[in-house]
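Enquirer: Have a look at this one before I ask anything.
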Amino acid sequence: MPFTGKATYSAGPDLPEHIEDVSDVLGLISPYETPLLDHLGDPQRAATSTVHQWLEDELLPNKDATDGSVTGSATTVTVDNGDRFRVGDQVQPDGSTEVLFVTAVSSNDLTVVRGYGSTTAASIADNTTLRILGNAALEGDDAPAARFTNRSRRSNTTQIFVATVEVSGSQLASKQAAIEDEMDYQKSERLRELARDLENCVINGVAPGSSPQGSSTVRRTMQGIVPFLAGQATDADADALTEPMLNTALRGVWDNSSGRIDTIVVSGFQKRAINGFITSSRGFDGSDTRFRDLVSVYESDFGVCRVVLSRWVPADTVLLLDSSRIDILPLAGRSFQYQPLAKTGDREAGQVLGEYTLELRNPAAHTVIRNLATT
């Protein structure tokens, strides 16, 4: 409440000689932490264009799937991608001990020897994964046709984060409680807000559908982690997060990528769900005086993961990330900074500004679990 001058029981209606007692500590009550940015650390390089691009490549695939069921005696197997196979390949269906030997490839039809090497032939269901064990070349044969992959180019745009600071000359000259310099205080407040917004956009930001490079009327917005990984997402169908569900997602990344998940980013509700993994195995003895219900590191066969709690992750979402393949890059010379504006009156003005983008390499090295239960 405002100070009225009445500070004691017998003060009467007004005591103008009383000095207000205002603490020199100013409390900030709004959340502004950026745990994901803190975890990823400062980038070692900068983007050099407003459209930031990077190249990715992959090895030739060594698995495919059947396109239609195959009986135990059939010698023709139709697959989804015949160009992945060569004469001389040994192929094994998932869940089977049988090995097939490829003798001819015509479009997506493979001619094979069934039960190769005295293995037992068996029927193969539609959409069964076929693993190419390796190719056997003929001694003294001509060199086979060259095979190669095409490198792909991925991109993201930089996004400008800006806030204006303006303080009147009178306010700058006035003595204030808890604040030595109003301009410095306003700069720090706006910087906290922009850093908070940067983490939020790194996680959830969406690029525009057209003119991603921006214009005088179109604002550039970066693509965030969640939209980037839409094709890698697992739909939990409103089920609660469980340890088997988390392990299945981790194993899926291990199956399909050379990446190794080391970071789990969650909101408060899903963090409590992860803490619940250890509920049944928690033990205490008579000397314990502290109750701990916390999982800060999750260690599995598929990675040792630090669990990062970020309030900016959607409540129904868990991000599983390989942090070595993620960088938050400033545009060169455009990391967060203060720029004074021209003086146009009895006030000091400037802007806190930064321009950043997200580089997320190899989407298959990360994954997302979405649509989890939140109650």
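Enquirer: Checking A177 against (1) within 37 Å of the chain's Cα centre (by Cα); (2) not in a helix (DSSP H, G or I), which single condition isn't satisfied?
Expert: All conditions pass for A177, except number (1).
Enquirer: Taking the criterion of being outside any strand (DSSP E or B) and under 25 Å from P93 (Cα atoms), would at least one residue in region 148-161 satisfy it?
Expert: Among the residues of region 148-161, at least one is outside any strand (DSSP E or B) and under 25 Å from P93 (Cα atoms), which makes the answer yes.
Enquirer: Just to be sure I understand the filter: pairs with C-beta atoms under 8 Å, separated by 6 or more residues or on different chains, first member in region 230-257 and closer than 26 Å to L60 by Cβ and in contact (Cβ under 8 Å) with a residue 60 or more places away in the chain, second member in a loop (DSSP other than H, G, I, E, B) and hydrophobic (A, V, I, L, M, F, W, C). Which pairs pass?
Expert: Short answer, once both residue conditions are applied: L250/I261; L250/F302; V253/I261; V253/F302.
Enquirer: If I go through region 219-245 residue by residue, how many of them are open to solvent by 70 Å² or more (accessible area, probe 1.4 Å) and either within 19 Å of I274 (Cα to Cα) or of a type in the set (D, E, K, R) (or both)?
Expert: Looking only at that region, the number is 6.
Enquirer: If you don't mind, there's one more thing I want to ask. Considering region 134-152 alone, what residues qualify as being touching a residue at least 60 places away in the same chain (Cβ under 8 Å) and surrounded by 10 or more Cβ atoms within 10 Å (Cβ to Cβ)?
Expert: Selection gives T149, S152.
Enquirer: Continuing with this model, one more query. May I ask you to list the residues in region 322-351 that are in contact with a helix residue (DSSP H, G or I) (Cβ under 7 Å, 6 or more places away or on another chain) and in a strand (DSSP E or B)?
Expert: I326, I328, Y338, R347, E348
Enquirer: Before we move on, is K175 free of Cβ contacts under 8 Å to residues at least 40 places away in the same chain and either open to solvent by less than 60 Å² (accessible area, probe 1.4 Å) or not aromatic (F, W, Y) (or both)?
Expert: Yes, satisfied.
Enquirer: Same structure again: I need every pair where a residue in region 291-319 that is within 19 Å of P227 (Cα to Cα) has its Cβ under 8 Å from the Cβ of a residue that is hydroxyl-bearing (S, T, Y) and part of a strand (DSSP E or B), sequence separation at least 6 or different chains.
Expert: Note: pairs meeting the criteria are L319/T263.
Enquirer: Residue check, R251 against (1) farther than 28 Å from V162 by Cβ; (2) open to solvent by 60 Å² or more (accessible area, probe 1.4 Å); (3) not in a helix (DSSP H, G or I), all met but one. Which one?
Expert: (3)
Enquirer: Okay, next question. Residues of region 52-101 being open to solvent by 30 Å² or more (accessible area, probe 1.4 Å), assigned to a strand (DSSP E or B) and of a type in the set (S, T, Y), which ones?
Expert: Hits for region 52-101 are T76, T78.
Enquirer: Pairs please, first residue from region 268-285 and among the hydrophobic types (A, V, I, L, M, F, W, C), second anywhere and in a helix (DSSP H, G or I), Cβ atoms under 7 Å, 6+ apart in sequence or on different chains.
Expert: F277/E243
Enquirer: From the list S210, S216, S188, S170, pick out the single residue that is polar (S, T, N, Q), open to solvent by 60 Å² or more (accessible area, probe 1.4 Å) and assigned to a helix (DSSP H, G or I).
Expert: S170
The values are calculated or read from the model by the stated rules, or taken from the named source; none is laboratory data. Keep in mind that what you see is a predicted model, and the values were worked out from it rather than measured. Here Cβ is always computed from backbone atoms with ideal geometry, including for glycine, and neighbour counts include all displayed protein chains. Surface areas here come from the heavy atoms of the whole protein model, side chains and all, with no ligands, DNA or RNA. Shrake-Rupley method; radii C 1.70, N 1.55, O 1.52, S 1.80 Å.
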